[in-house]
Every structure is written in structure tokens, then in C-alpha cells.
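Reading through the C-alpha cells given below for one structure.
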């Protein structure tokens, strides 16, 4: 427990941070903006500064969702204008909600809590079984246990899906492809699939300085992520002159 003198000193150090934050206009947003009960809702706060991820608490009373976090005790923890902290609210049933953020001062200081703001959120209904919209969230790592060493990483939010395929090239070197953008469609049999362009990306060596001009993405083919039985899927691809398909299961750990 800090002494009174230490607490006063900490408070004084905290004041410039509080004044700076109060002068900046709070920027709150919810992602996705129009979620279904299948989407994981996240609250973003765009500001200069950081909060402690281990301090985040999310509570819910009726339709009121309260997110609280503590600032990091530093005037500048490395963020820049336009960056944001993100807090996972979770999946919510169909209905209307008010989501608010309160940011507390660093532990051991006397600074006031900041009522950043509140946003209204409407969670829509579940998609109909015959709609070209997924009835589940397929965000996960997918693989084939008989072919250890590669994986398809899927991230989905509502109708949007991005997949990264981490595999090896003909020389045995690691390579990754991305499936984006695309769209959900149903074929003649009613099977739902996400079809999109496959890109190959290159960039600067990760262990050296980052050079934006060295980054490039080239369309190399087309792919389809096809959900099947629960926890199972199929990935079809054509990359250059090579076409094929992989049976997948969710990565369990």
C-alpha cells in the first residue's frame, strides 16, 4: 500500500495524462456495427494511450453493458493518433443494448475515473436456414490431423470472412495465402460456401526494419470454404495450375 506521500506523487504524475485524455475527443465504435447473435461484438476506443488488458471487466445488467478498464501508468505507452484499444463484449442475444466504457486511473493513483461514453447497439435475428448467410461462426484454426504442419486460419464477422492458408511450396519453404474478399453463396444442392480470390503476399524480413514499399499482394487463384457437419469443413482451391481440395476439422487444444 503506497504511503500518503507516494499516493500524492503518483496523483501528480497522473494529472498530465488525465488532462491530455480529457482534452482529446473520445472515439468509440462497435464492431461489427450490425451484428447477429453469431457475432462476437467488440468495443473500440480510439485514443493516444493504453489500457491494461488484464484489468478489463465486462458486466451486464438487463440491456446495459458496462466495460471498465484501467489506464497504464505512463504518459505515452507507444500508441499513435488513430490507434485504438479493443475490448471483447461477446455474443449477445437478439435485442437492443447500451454499451458504455469507463476508464479508471492506474492502480494506486488518486485520479478520477473517466466516463468515456455509451453507444447503442442493435443485435439482429439469426439468419434463416435457406439464406446466403452463415448460421454459425466459423472463426477458428482448421486442419487435417493426417497432414500435420499446415492450417487454415478463419476469421469471420457476420457475412465477412477472411482465411489464411499456411502451407509449404514445392521447395518445402513456408508460404501463406489469403482468401479475401469473397461472398457466401448456395449451390444447386443448397450447400453454403464462401467463395473468394486467393492472394499471395510478400514483404520485408520480419527481423529487420519494416519497409512499406516491399509489401505486395498478387491474386493467384480462387478458393472456397465449405462448411459441412458440425466441426468439419472442406477447402477447395485453384492456385495457378494446381487445383485440389482439403478436408478440415476444427483445431482442438
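Each value in this text was obtained by applying a stated rule to the coordinates, not by laboratory testing. Note that the structure is a prediction, hence the values are computed from the model and not measured. With ideal geometry, Cβ positions are generated from the backbone for all residues, glycine too; neighbour counts draw on all protein chains shown.
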Exercise for the section: Measure of size requested: the Rg and Dmax of the chain, with Cα atoms as the atom set and Å as the unit; please supply both. Expected result: 22.8, 75
Completion exercise
Taking 132-140, 52-60 and ranking on average Cβ neighbours within 10 Å, highest first, one gets 132-140, 52-60
Practice task
Could you check what % of the DSSP bridge pairs in the chain are antiparallel, to the nearest 5?
Solution key: 90
Handout entry: Sorted by Cβ neighbour density within 10 Å, fewest at the top, the residues 225, 73
Key = 73, 225
Practice task
Counting only C-alpha contacts under 8 Å and six or more residues apart, can you give the relative contact order of the chain as a whole percent?
Solution key: 13
Completion exercise
Ordered by fewest other Cβ atoms within 10 Å, a rough proxy for footprinting exposure, 246, 128 read 128, 246
Handout entry: Approximate shape of segment 42-182 as ellipsoid semi-axes (Cα gyration tensor, √5λ), whole Å, largest first
Key = 36, 24, 12
Handout entry: Mean Cα-pair separation over length for segment 108-253, i.e. relative contact order, pairs under 8 Å, 6 or more apart, %
Key = 16
Exercise for the section: Mind ranking 210-216, 177-183 by how tightly packed they are, going by the mean number of other C-beta atoms within 10 angstrom, highest first? Expected result: 177-183, 210-216
Practice task
For segment 125-253, just the Cα atoms, rotate onto the principal axes and tell me the three extents in Å, largest first.
Solution key: 48, 33, 33
Problem - Helix axis angle, 4-23 relative to the chain longest principal axis, alpha carbon, degrees - result: 60
Practice task
Please arrange 84, 194, 199 by counting, for each residue, the other beta carbons lying within 10 Å of its beta carbon, fewest first.
Solution key: 84, 199, 194
